[in-house]
Amino acid sequence: MKHSLGLISVLLLLVSCDPSKKFMKQGNEQFEIGNVDGAANLYYNVLLVQPNNLEAQQALYKSGNQVLQGKFMMFSKYVVANEADLSVKQYLYCKKYFDRCKAVGVMLDWPSMYDPIYEDIKNEYISKKYDEGVKYIRSNKYAEAEKMFADIALIDSSYNKATALRLKSIIEPLFQHGIKMKNEANYKEAYRDFNKVLDLDPTYKNAADLRQEVILKASLDIGVMPVQNQTKIQGFDVRLYQLLVSSLQQNKSPFLKVVDRGAIESALREKAFGLKDIIDAESAAKVGKLIGLEYVLLTAMTELVYDDDGIMLDSIIAYNAITESTPSKNPTDIPQSITRFKKVSYLDVHQKRKLVMAMAYQLVSTQTGQIVSSESIKEELFDEFHSCSYAGNLNTLYPELPAGNTMPSKPVEFREQFNQVKRDIRSKEDLTREICKRISDKVIDDLNIYIDK
């Protein structure tokens with residue numbers, strides 16, 4: 001009987017010490033006033049004491065999802081602000097919160113749409129940290145390098161055993177990550193990994209073969225069609241095409257393979273086609289696919305203006321200041337002076353060449369028939385020369401009359417035009433070369449952005 005009374009006393013003591021009801025009440029109160037985070041923490045504490053408390057589970061599910069959503073909103077803000085470090089930490093914070101709720105039996109709704117965004121940011125972040133760590137190793141700054149790899153290990157567990165004192169321990173995780181990216185068909189990321197591996201150790205395992213394999217799988221064959229000249233001036237379209245193909249072939253991207261006009265014509269002849277059969281995006285997709293191209297680049301020169309007026313001579317109006325002294329009526333007074341302005345002219349020998357060019361391009365996918373990238377690009381380039389001369393005194397020459405009782409201003413540009421040494425302005429060929437280069441560089445920049453995607 002004494003034992004039974006003792007057991008009952010212990011049970012009553014446990015019940016009286018159980019804070020679950022108190023926590024539930026406080027949690028509901030916090031939820032009502034909008035403190036969702038505080039409410040979720042209280043429901044979590046209830047489940048630590050009573051794991052099967054259905055009311056607490058439902059309450060944590062409701063409040064916890066709101067908290068998780070808020071944390072991912074902060075993740076999105078960091079992503080938009082291009083804060084890679086904060087984005088990675090915030091995502092891991094979201095994961096930790098999710099796992100914390102899962103540990104007490106509450107499975108929150110994980111927004112999987114953020115996962116690929118995080119993977120991209122994480123890979124870029126780790127790559128940057130890795131480069132910094134290797135740089136420290138090569139500078140014999142091992143303490144700083146260890147910190148970099150420790151930071152990486154917090155994000156990627158495969159680096160847990162990496163140490164700056166053993167180079168292979170650093171290379172192997174990167175090598176394995178490259179294999180993982182390759183298996184997931186993320187060939188460009190795999191290429192970057194294998195490239196870094198080979199930079200540290202050119203003979204490391206089969207990294208060289210794997211790098212070549214992912215280059216082949218990620219490469220894009222782009223057929224570059226001749227530039228359609230929609231202007232009345234001939235010759236510029238050929239120059240633009242030559243420079244565009246040359247620049248594409250020299251492009252640093254290993255994933256771009258350029259097929260020029262000659263190769264396209266040869267392939268088309270075998271299929272009984274010609275360049276004349278490619279007139280728009282639809283026909284480019286069909287014919288390009290037939291000869292094994294993945295993309296076709298269509299270009300058109302839509303505007304071309306070339307102005308050269310030759311050497312011109314202009315007589316420009318200016319004003320010569322003439323200062324005269326007038327004697328004072330009182331012999332003891334200081335003589336007065338007065339400045340008068342006389343209209344004169346000076347000679348301006350000048351020449352100007354101007355070139356305006358506009359080009360539109362379309363990158364067509366032969367697989368889908370869709371235009372995947374397009375843009376209109378316009379560039380203007382000119383060279384101008386002025387050489388001015390004046391027969392009188394330049395110190396008293398002004399470009400305009402005075403306003404009021406003050407002397408007129410003499411801008412620096414006005415003075416310097418009289419000091420110009422005669423020179424030859426840039427030739428038509430020189431202007432053409434540069435403007436074509438500018439346009440082709442912009443096209444290539446756009447294509448690289450698409451390729452990197």
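Where a number appears in this text, it was derived from the coordinates with a stated rule and is not lab data. Keep in mind that this is a model prediction, so the values were computed, not measured. For neighbour counting, all protein chains shown are included, and Cβ atoms are generated from backbone atoms with ideal geometry for every residue, glycine included.
Restricting to Cα pairs below 8 Å that are 6+ residues apart, what does the relative contact order work out to for the range 177-328? Please round to a whole percent.
Rounded, it is 24 percent for the range 177-328.
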Of the candidate values (i) 37.9, 141; (ii) 22.7, 72; (iii) 37.8, 106, the one computed for Rg and Dmax of the Cα atoms in Å from this structure is (i)
The lysines whose Cα lies under 23 Å from the Cα of residue 410, excluding any fewer than 8 residues away in the same chain, are 342, 343, 422
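Could you tell me which GluC sites (Glu not before Pro) in the range 100-157 are loop residues by DSSP with no more than 16 other beta carbons within 10 angstrom of their beta carbon?
On the way: sites: 119, 124, 132, 144, 146; in loops: none.
Answer in residue order: no site qualifies.
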Once both label points are put 7 Å beyond Cα along the C-beta direction, the residue 438-residue 74 separation in nm becomes 4.7 nm
Reduced to Cα centres, the span from the range 179-200 to the range 284-313 in Å works out to 36 Å
Cβ density ranking, 10 Å radius, fewest first, applied to 23, 414, 236 yields 414, 236, 23
HN-Hα couplings for the range 427-443 via Karplus (6.51, -1.76, 1.60; θ = phi - 60°), in whole Hz with x for Gly/Pro, come out as 6, 4, 5, 5, 5, 4, 4, 6, 5, 5, 5, 4, 5, 5, 5, 5, 4
Note on the chain: contact order normalised by length, alpha-carbon pairs under 8 Å, 6 or more apart, percent, works out to 9 percent
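Can you list the trypsin sites (Lys or Arg not before Pro) in the range 245-309 that are in a DSSP coil and have 12 or fewer other beta carbons within 10 angstrom?
Working: sites: 252, 257, 261, 269, 271, 276, 286, 289; in loops: 252, 271.
Counting only loop positions with at most 12 other Cβ atoms within 10 Å, the trypsin sites (Lys or Arg not before Pro) in the range 245-309 are 252, 271.
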Highest mean packing first, using Cβ neighbours within 10 angstrom, the peptides 422-431, 43-52 sort as 43-52, 422-431
Footprinting proxy, 386, 177: sorted fewest to most Cβ within 10 Å, the residues are 386, 177
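Step through the table entries 257/289; 188/252; 95/129; 135/196; 232/378; 89/196, compare each Cα-Cα distance with 19 Å, and write down the pairs that go over it.
Details: 257/289 15 Å; 188/252 14 Å; 95/129 22 Å; 135/196 12 Å; 232/378 17 Å; 89/196 25 Å.
Beyond 19 Å: 95/129; 89/196.
Just flag the GluC sites (Glu not before Pro) in the range 182-233 sitting in loop per DSSP whose Cβ has no more than 15 other Cβ atoms within 10 Å. List each step's numbers first, then the result.
Working: sites: 184, 189, 213; in loops: 184.
Listed in order of number, the matching sites are 184.
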